[in-house]
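Worksheet for the structure shown next.
The values are calculated or read from the model by the stated rules, or taken from the named source; none is laboratory data. Since this is a predicted model, take the numbers as computed values, not measurements. Ideal geometry is used to build each Cβ from the backbone, glycine not excepted, and the neighbour counts take in all protein chains shown.
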Amino acid sequence: MGKIGKLDLSFERIGGFQLSTFVDRKLLQKKTYFLQEFGVNFGYCFGFYLYGPYCSELTNDAFHLTALKAQAPATLEKAELSPEEEKAMQKAQKFLNGLKGEKEEIAYKLELLSSLHFLCNISHFQNKSKEEIFRRLKAKKTNINAGDLETAWEYLVSYDLINS
């Protein structure tokens, strides 16, 4: 259960999470994806789905965490981050705080950022050109424009999450 305690601690640091709406659950998925990519080790495995990286185990854990906090908060295991994870948390917080806008806009940006990152670093597209990755993403997500892709790419490069 250490994973759930660490999830709770991590989200307390970045403003919590909700599960009420699709956008809330998308934010949970994408923020956790980036927390883990920066080095907060939850052990989640993400696959690529319609809205980018997704982990069903994370969704289950988040619902379980919400129930624990509401029904039996004393049973929630307390977690600590390692010194390396503390540094990773600081980088992730800076990355997430740099995304401005309403909740829906931030969810869109995180979907785009995580999708690009996943295609560049985890999928079988990892050694493809930026243009090929853009084409692949546009084919999957028709609501994306070229300007958003370029902005997202540069944001990921600025945090050393992808190579330029």
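Looking only at region 1-14, which residues are of a type outside the set (Asp, Glu) and crowded, with 20+ Cβ neighbours inside 10 Å?
Of everything in region 1-14, those that are of a type outside the set (Asp, Glu) and crowded, with 20+ Cβ neighbours inside 10 Å turn out to be 6, 7, 10.
Would you confirm whether or not region 66-77 contains a residue that is part of a helix (DSSP H, G or I) and touching a strand residue (DSSP E or B) at 6+ places or on another chain (Cβ under 9 Å)?
No: zero hits.
Being within 24 Å of residue 19 (Cβ to Cβ) and part of a helix (DSSP H, G or I) is the filter here, so list the residues in region 92-105 that pass it.
Across region 92-105, the qualifying residues are 92, 93, 95, 96, 97, 103, 104, 105.
Read through the list (1) touching a residue at least 60 places away in the same chain (Cβ under 8 Å); (2) in a helix (DSSP H, G or I); (3) of a type outside the set (D, E, K, R), then give the number of the only condition that residue 161 fails.
(2)
So residue 123 ticks every box in (1) in a loop (DSSP other than H, G, I, E, B); (2) at pLDDT 90 or above; (3) hydroxyl-bearing (Ser, Thr, Tyr) but one. Which box is left unticked?
(2) is the only condition that residue 123 fails.
Residue by residue, here is whether (1) assigned to a helix (DSSP H, G or I); (2) loosely packed, with under 15 Cβ neighbours inside 10 Å holds:
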site	(1), (2)
16	no, yes
19	no, yes
26	yes, no
58	yes, no
63	yes, yes
81	no, no
90	yes, yes
107	yes, no
113	yes, no
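Mind telling me which of the residues 131, 37 ends up being under 19 Å from residue 164 (Cα atoms), at pLDDT below 95, assigned to a helix (DSSP H, G or I) and charged (D, E, K, R)?
Matching residue, one of 131, 37: 131.
So which of 127, 145, 121 ends up being surrounded by 13 or more Cβ atoms within 10 Å (Cβ to Cβ) and polar (S, T, N, Q)?
Result of the check over 127, 145, 121: 121.
Listed here are the residues, each with its yes/no results for (1) hydroxyl-bearing (Ser, Thr, Tyr); (2) modelled with pLDDT under 95.
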residue	(1), (2)
54	yes, no
71	no, yes
84	no, no
87	no, no
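When the residues of region 27-70 are narrowed to those that are without any contact (Cβ under 8 Å) to a residue 60 or more places away in the chain and among the aliphatic types (A, V, I, L, M), which ends up nearest to residue 106 (Cα to Cα)?
Looking at the filtered set, the residue picked out is 28.
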